[in-house]
Amino acid sequence: MTEDRSAPSPPPRRLADRLFGAAAAQPAPRPTRPATEAPASLRRAALAVALEALAFALGALVLLFLTLTGSPESVPRALAEVVLAAVVAGVLGAGARGLWRVAGWARGPVIALQLFLGLTGFTFAFSAQLPLVGLPVLALVATVLYLLATPESRLVYLDR
């Protein structure tokens, strides 16, 4: 048996590498995904959702002002309403940005919130006898759901 002395011997392995295994090699860089251009209906839906986010953010600020300057029956409950309105505004704002960028995760939360907003608008318009509040909410919800249901808005997610 003869050994080939021309090939360099591998460096000795460290004790940690022998016990726990060596670190994995760096993976290949991720291929860049071409940016998908959003159709006009999806851009309009994103603008409508951004309008809803702005309305919720303003509502949260108004609730915070009323909580701090008034005398609410329960301060923790009033602050919870402010936090809830701010969270909804944040989710809607992120959803609007995601729709604008044709992100796959954005449609589900936006549609779910539209359904809840539709129920809220229906309650305001008919049960609470406040049609000046409920009917615009229902119109905006119907607009967003329609724009998300158009063929070009649906197909842009299939082309990804």
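Please treat every number below as a calculation from the coordinates, not as lab data. Given the structure is predicted, the values throughout are model-derived calculations rather than measurements. FYI the Cβ positions are ideal-geometry reconstructions off the backbone, even for glycines, and counts take in every protein chain you see.
In order along the stretch 104-114, the Karplus-derived 3J(HN,Hα) couplings, from 6.51 cos²θ - 1.76 cosθ + 1.60 at θ = phi - 60°, round to x, 7, 7, 5, x, x, 5, 5, 4, 5, 5 Hz, and Gly and Pro are given as x. Each principal axis of the Cα atoms in the stretch 40-158 has its own extent, and those three values, largest first, are 51, 28, 17 angstrom. Projecting the Cα atoms of 25, 51, 71 onto the charge dipole of the chain, computed from C-beta unit charges around the Cα centre, puts 25 farthest toward the positive end.
Within the stretch 37-121, the GluC sites (Glu not before Pro) that combine a DSSP coil assignment with at most 11 other C-beta atoms in a 10 angstrom radius are 37, 73. For the stretch 108-142 versus the stretch 11-73, the inter-centroid distance based on Cα atoms is 26 Å. The modelled label-to-label distance between residue 74 and residue 25, using points 7 Å beyond Cα along the C-beta direction, is 6.1 nm.
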